[in-house]
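Trainee: Quick one: the structure is below, questions incoming.
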Amino acid sequence: MSNWRDVAGLIPITKVKNEYGERVPGDGTPREVFCNVKSVGSREFYQAAAVGMKPEVIIEMYKGEYDNEPKLSHNGTVYHVIRTYSRNGEKIELTCSRYPMGG
């Protein structure tokens, strides 16, 4: 599956100024990458649910594109990366859950 059909925005954490002028962690500018969106299998779902996580989507992309961003956006929804997995060193799968409102 090497033809990338979707685009996701990887969201890095950077230092931003809050209302008091302090530099605190905040969302950086999303960087778009080509990817494939896959559904979460029942095995992954139940393993994650056992530790309190709710995986909703798996985003597959080239490993070299991913720089440990903790969040990503896809089709207007922001997700939190809860797990990464690389089977062959060339591609990486990001298992993601919907980001909490206000997060």
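Trainee: Just for segment 1-25: of the residues that are under 21 Å from the mean Cα position of the chain (by Cα) and part of a loop (DSSP other than H, G, I, E, B), which one is nearest to HIS80 (Cα to Cα)?
Mentor: Among residues in segment 1-25 that are under 21 Å from the mean Cα position of the chain (by Cα) and part of a loop (DSSP other than H, G, I, E, B), the one nearest to HIS80 (Cα to Cα) is PRO12.
Trainee: Give all pairs with beta carbons closer than 6 Å in which a residue from segment 56-70 that is under 10 Å from VAL81 (Cα atoms) meets a residue that is small (Gly, Ala, Ser); count only pairs at least 6 apart in sequence or on separate chains.
Mentor: ILE59/ALA8
Just so you know, all these numbers are worked out from the coordinates, no wet-lab data involved. Note that this is a predicted model, so its numbers are computed, not measured. When we count neighbours, we look across all protein chains shown, and the Cβ atoms used for this are built from the backbone with ideal geometry, even at glycine.
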